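Following: one structure in structure tokens, then a few remarks.
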Amino acid sequence: MRISRGDVEHIARLARLRLTEGEKETYGLQLSDILEYVEKLKELDTSEVDPTSHVIPLSNVFREDLLQGSLSREEALRNAPQAADAFYRVPKIIE
Amino acid sequence: MSGYEAVIGLEIHAQLLTESKIFCGCSTRFGAEPNTQTCPVCIGMPGVLPVLNRRAVEFTIRTGLALNCTIASYSRFARKNYFYPDLPKGYQISQYELPLCRDGHLEIHAGGVRRRVGITRIHLEEDAGKNIHQKDSSLVDLNRAGVPLMEIVTEPDIRTPTEAAAFMKKLRNILRYLDVCDGNMEQGSLRCDANVSVRPAGSTGLGTKTEVKNINSFRFVEKALAYEIRRQMRVLEEGGRVVQETRLWDPAAGVTVSMRTKEEAQDYRYFPEPDLVPLEVGEEWIEEIRSTLVELPDKKRERFMSEYGLPEYDAEVLTEERAVADWFEEAVRLGGSPKAVSNWMMTELSRLLNETGREIADAPITPAHLVSLLKLIEEGTISGTIAKTVFEEVFRSGREPEVIVREKGLVQITDTGEIERLVDDVLSANPAEVERYRKGEAKLLGFFVGQVMKASKGKANPKLVNELLRRKLS
């Protein structure tokens, strides 16, 4: 399965990555290789195998609805590249 | 415009009334100072793990049962991947192919039509934060990130904006009855997006749909949909084609506008959430939750009609809110006559609640107060007119009706001699009207009654006033 340049550009846009022409070429080939490898798995007969989303045989892990305290605003904002007063500050979102 | 019909499906987001967030112990309280209710889990620090809030699951199952859904014995969470500044992890934990509830329905009654609206699914997910847009940057408050949301998706069974509004109103009432959501559209704890298309009336195929977002008030449900349907019909009539897109309702302009952003990139790459184990809900748990279900508005309305002999209209109004229905039943339990209690609640009480912007539960007046007041009227101690004044006073102060009546000297005048004096005064002060009445203008009686009542400051027994007037004027 070959991945087109358009596919690479689409995926890059979803991941907010800016790729050079060379990178588009490289990643296109690498992604194609990965898909080909996965294609191989399809040759296996899995009709008797349950789909596995989790490998741990566990379900229903809950916490009770109790308050456990939060970070102070100063702590929460400490790692933010930019903060303004009480908020995280980000590049202008264009709607 | 005839010749077309609309097809509407709704996607509703309801914030659950849990104390803490869905995957961490931060508070969900509305209106807190920005960024004071967050922790490493809900702001997406590396290495943290979400743990599911049991109550959020219970609330969703409770809602599913109330909406006649099948509760999935096995469901799981999924990651919905997209980048937006209010989504700190770069993905939203939601449910995708295995939601908690599915295949339910809700019956609505609107514009003379009874319609069963299918509920496709109800799933559980986390809310995102809030953005504030400024001139050259945007600000983000993550208090809301991780607040539990229920997403309720209907089948495209709704045909008119009126039906959509009726559905939203009924759903809101049920969610409030169930105590799972406060139903406040203006504050955003209940949000509604609509998928709308139009087609030639009578056809069964579906036209191209648009998704209308930002309908943030009950008033706008009808307005936004009516606008969008008209817009699509006009496009078709002019020989054009409806474009599949997301449109934002602009309440100020009263129109929907195309949201031409990266809508082509709706590639969420869902996959099972590896950080959360699956959810298995057994019969026993479902039955335990079912046993805690309260009587819902439809059932209560029917019971109010059969048990208390109320007209359908009264029963409908009184059962919209659980607190109102409980107030009514308490008053009846204390000895109030159902119809009298209903009348007072639907007129004076409702008016005063509206005027003061209060909820019935916070009003100083109690069912016991109303019952005392009804007794005072029944015994003839006060007139109906005076009772309204007393009611208002009790509503504002929470004091006993008897005390107010005594203190203000509002006891009804039933002394015939005293009323007769007032009647005589009124008749001699209005000789022209007396003349006209005697010549056959019978409707002037109301004028005389009004004058006498006014002279007595509302305290005269109206029945006696009527009797005396008729006698004197004959």
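The values are calculated or read from the model by the stated rules, or taken from the named source; none is laboratory data. These numbers come from a predicted model, not from an experiment. Counting neighbours? That spans all protein chains shown, and the Cβs are built from the backbone with ideal geometry, glycine included. Areas reflect the complete protein model, heavy atoms only, side chains present, ligands, DNA and RNA absent. Shrake-Rupley method; radii C 1.70, N 1.55, O 1.52, S 1.80 Å.
Suppose we filter the range A:75-95 for residues that are of a type in the set (D, E) and more than 21 Å from B:S20 (Cα to Cα); how many remain? If you could, list the steps in order and put the result at the bottom.
Just the residues of the range A:75-95 that are of a type in the set (D, E), to begin with: A:75, A:85, A:95.
Still in the list and also more than 21 Å from B:S20 (Cα to Cα): A:85, A:95.
Qualifying residue count for the region: 2.
Any idea how many residues of the range B:1-41 are within 30 Å of B:T160 (Cα to Cα) and part of a strand (DSSP E or B)?
12
With respect to B:V235, is the statement that it is surrounded by 13 or more Cβ atoms within 10 Å (Cβ to Cβ), closer than 30 Å to B:L178 by Cβ and away from chain A (no Cβ under 14 Å) true? Quick ask: steps written out before the conclusion?
Values: surrounded by 13 or more Cβ atoms within 10 Å (Cβ to Cβ): yes; closer than 30 Å to B:L178 by Cβ: no; away from chain A (no Cβ under 14 Å): yes.
Spelling it out, it is not the case that B:V235 is surrounded by 13 or more Cβ atoms within 10 Å (Cβ to Cβ), closer than 30 Å to B:L178 by Cβ and away from chain A (no Cβ under 14 Å).
Determine, yes or no, whether B:A252 is under 24 Å from B:H13 (Cβ atoms), loosely packed, with under 12 Cβ neighbours inside 10 Å and among the small types (G, A, S).
On the way: under 24 Å from B:H13 (Cβ atoms): yes; loosely packed, with under 12 Cβ neighbours inside 10 Å: yes; among the small types (G, A, S): yes.
So B:A252 fits the description; yes.
Quick one: which strands (runs of 3 or more DSSP E) lie wholly within the range B:52-111 and hold at least 2 residues that are within 19 Å of A:F62 (Cα to Cα)?
Working: elements: B:78-81, B:91-94, B:101-110.
In the range B:52-111, B:78-81, B:91-94 are the strands (runs of 3 or more DSSP E) which contain 2 or more residues that are within 19 Å of A:F62 (Cα to Cα).
Looking for whichever is touching a residue at least 12 places away in the same chain (Cβ under 8 Å) and of a type in the set (F, W, Y) here; the options are A:Y27, A:Y37. Which one fits?
Being touching a residue at least 12 places away in the same chain (Cβ under 8 Å) and of a type in the set (F, W, Y) holds for just one of A:Y27, A:Y37, which is A:Y27.
Please indicate, with yes or no, whether at least one residue in the range A:37-56 is among the polar types (S, T, N, Q) and modelled with pLDDT of 95 or more. Give the steps one after another, and end with the answer.
Of the range A:37-56, the ones among the polar types (S, T, N, Q) are A:46-47, A:52-53.
Going one step further and asking which of them are modelled with pLDDT of 95 or more, we end up with none.
So far as the range A:37-56 goes, no, none of its residues is among the polar types (S, T, N, Q) and modelled with pLDDT of 95 or more.
Quick grid of which residues meet (1) surrounded by 15 or more Cβ atoms within 10 Å (Cβ to Cβ); (2) farther than 30 Å from B:L353 by Cβ; (3) of a type in the set (F, W, Y); (4) at pLDDT 90 or above:
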position	(1), (2), (3), (4)
B:S383	yes, no, no, no
B:V394	yes, no, no, yes
B:G398	no, no, no, yes
B:V405	yes, no, no, no
B:K408	no, no, no, no
B:G417	no, yes, no, no
B:V426	yes, yes, no, yes
B:N430	yes, yes, no, yes
B:A442	no, yes, no, no
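Only residues in the range B:306-333 that are more than 27 Å from B:C181 (Cβ to Cβ) count as the first member; pair them with residues that are part of a loop (DSSP other than H, G, I, E, B) and open to solvent by 40 Å² or more (accessible area, probe 1.4 Å), Cβ under 9 angstrom, at least 6 apart or cross-chain, and list the lot.
These pairs meet every condition: B:A331/B:T366.
This table checks each residue for (1) in contact (Cβ under 8 Å) with a residue 40 or more places away in the chain; (2) assigned to a helix (DSSP H, G or I); (3) open to solvent by 40 Å² or more (accessible area, probe 1.4 Å).
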| position | (1), (2), (3) |
| --- | --- |
| B:K339 | no, yes, yes |
| B:E348 | yes, yes, no |
| B:L352 | yes, yes, no |
| B:H369 | no, yes, no |
| B:I377 | no, yes, yes |
| B:I386 | yes, yes, no |
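Just give me the residues in the range B:122-142 being part of a strand (DSSP E or B), more than 7 Å from every other protein chain (Cβ to nearest Cβ) and not hydrophobic (A, V, I, L, M, F, W, C), in sequence order.
Hits for the range B:122-142 are B:H123, B:E125, B:E126, B:K130.
Given the residues A:S59, A:S72, A:S32, which is the only one that is polar (S, T, N, Q) and within 30 Å of B:D136 (Cβ to Cβ)?
On the way: A:S59 fails: within 30 Å of B:D136 (Cβ to Cβ); A:S32 fails: within 30 Å of B:D136 (Cβ to Cβ).
Every option except A:S72 fails the conditions.
Looking only at the range B:143-159, count every residue that is away from every other protein chain (no Cβ under 14 Å) and outside any strand (DSSP E or B) and tell me the total. Walk me through how you get there before you give the answer.
Filtering the range B:143-159 down to residues away from every other protein chain (no Cβ under 14 Å) leaves B:149-159.
Right, trim to outside any strand (DSSP E or B) and you get B:155-157, B:159.
So the count comes out to 4.
Go through (1) in contact with a strand residue (DSSP E or B) (Cβ under 8 Å, 6 or more places away or on another chain); (2) facing chain B (nearest Cβ under 8 Å); (3) open to solvent by 50 Å² or more (accessible area, probe 1.4 Å); (4) within 27 Å of B:P50 (Cβ to Cβ) for A:L58 and report which single condition fails.
Failed condition: (1).
Would you mind stating whether B:D275 is more than 18 Å from B:I152 (Cβ to Cβ), open to solvent by 50 Å² or more (accessible area, probe 1.4 Å) and touching a residue at least 40 places away in the same chain (Cβ under 8 Å)?
On the way: more than 18 Å from B:I152 (Cβ to Cβ): yes; open to solvent by 50 Å² or more (accessible area, probe 1.4 Å): yes; touching a residue at least 40 places away in the same chain (Cβ under 8 Å): yes.
Yes: the conditions hold for B:D275.
Which of the residues spanning the range B:1-45 are among the β-branched types (V, I, T) and closer than 26 Å to B:Y177 by Cα?
Start the filter on the range B:1-45 by keeping residues that are among the β-branched types (V, I, T), which leaves B:7-8, B:12, B:18, B:22, B:28, B:36, B:38, B:41, B:43.
Of everything in the range B:1-45, those that are among the β-branched types (V, I, T) and closer than 26 Å to B:Y177 by Cα turn out to be B:I8, B:I12, B:T18, B:I22, B:T28.
Look through B:R62, B:R114 and report the one residue that is within 30 Å of B:E228 (Cα to Cα) and more than 11 Å from chain A (Cβ to nearest Cβ).
Details: B:R62 fails: within 30 Å of B:E228 (Cα to Cα).
Checking each option against the conditions leaves just B:R114.
Scan the range B:222-232 for residues that are surrounded by fewer than 19 Cβ atoms within 10 Å (Cβ to Cβ) and either in contact with a Leu (Cβ under 7 Å, 6 or more places away or on another chain) or over 10 Å from B:V198 (Cβ atoms) (or both) and jot them down. First the steps, then the outcome.
Of the residues in the range B:222-232, the ones surrounded by fewer than 19 Cβ atoms within 10 Å (Cβ to Cβ) are B:222-223, B:226, B:230-231.
Of everything in the range B:222-232, those that are surrounded by fewer than 19 Cβ atoms within 10 Å (Cβ to Cβ) and either in contact with a Leu (Cβ under 7 Å, 6 or more places away or on another chain) or over 10 Å from B:V198 (Cβ atoms) (or both) turn out to be B:E222, B:K223, B:A226.
Considering only the range B:23-30, I want to know if a residue exists there that is open to solvent by 30 Å² or more (accessible area, probe 1.4 Å), within 14 Å of chain A (Cβ to nearest Cβ), farther than 30 Å from A:A83 by Cβ and not small (G, A, S).
no
Would it be correct to say that B:L445 is of a type outside the set (S, T, N, Q) and in contact with a Lys or Arg (Cβ under 7 Å, 6 or more places away or on another chain)? Reasoning before the result, please.
Values: of a type outside the set (S, T, N, Q): yes; in contact with a Lys or Arg (Cβ under 7 Å, 6 or more places away or on another chain): no.
No; evaluated as a whole, the condition is false for this residue.
I'd like to check something: does the range A:18-38 contain any residue that is out of contact with any strand residue (DSSP E or B) (no Cβ under 6 Å at 6 or more places or on another chain), surrounded by 10 or more Cβ atoms within 10 Å (Cβ to Cβ) and outside any helix (DSSP H, G or I)?
Checked against the condition, which is being out of contact with any strand residue (DSSP E or B) (no Cβ under 6 Å at 6 or more places or on another chain), surrounded by 10 or more Cβ atoms within 10 Å (Cβ to Cβ) and outside any helix (DSSP H, G or I), the range A:18-38 yields at least one hit.
Please go through (1) more than 24 Å from B:I12 (Cα to Cα); (2) open to solvent by 40 Å² or more (accessible area, probe 1.4 Å); (3) assigned to a helix (DSSP H, G or I) for B:R219 and return the number of the only condition it doesn't satisfy.
Every condition holds for B:R219 apart from (1).
Got at least one residue in the range B:184-205 being under 11 Å from B:Q15 (Cα atoms), open to solvent by 20 Å² or more (accessible area, probe 1.4 Å) and of a type outside the set (D, E, K, R)? Explain how you work it out, then say what you get.
Initial filter on the range B:184-205 (under 11 Å from B:Q15 (Cα atoms)): B:184-185, B:187-191.
Now drop any that are not open to solvent by 20 Å² or more (accessible area, probe 1.4 Å), which leaves B:184, B:187, B:191.
Applying the additional criterion that residues be of a type outside the set (D, E, K, R) yields B:184, B:187.
Yes, that holds for at least one residue.
Would you be able to tell me the number of residues in the range A:67-91 that are surrounded by 13 or more Cβ atoms within 10 Å (Cβ to Cβ) and either at the interface with chain B (Cβ under 7 Å from one of its Cβ atoms) or touching a residue at least 12 places away in the same chain (Cβ under 8 Å) (or both)?
Residues flagged as surrounded by 13 or more Cβ atoms within 10 Å (Cβ to Cβ) and either at the interface with chain B (Cβ under 7 Å from one of its Cβ atoms) or touching a residue at least 12 places away in the same chain (Cβ under 8 Å) (or both) within the range A:67-91 amount to 13.
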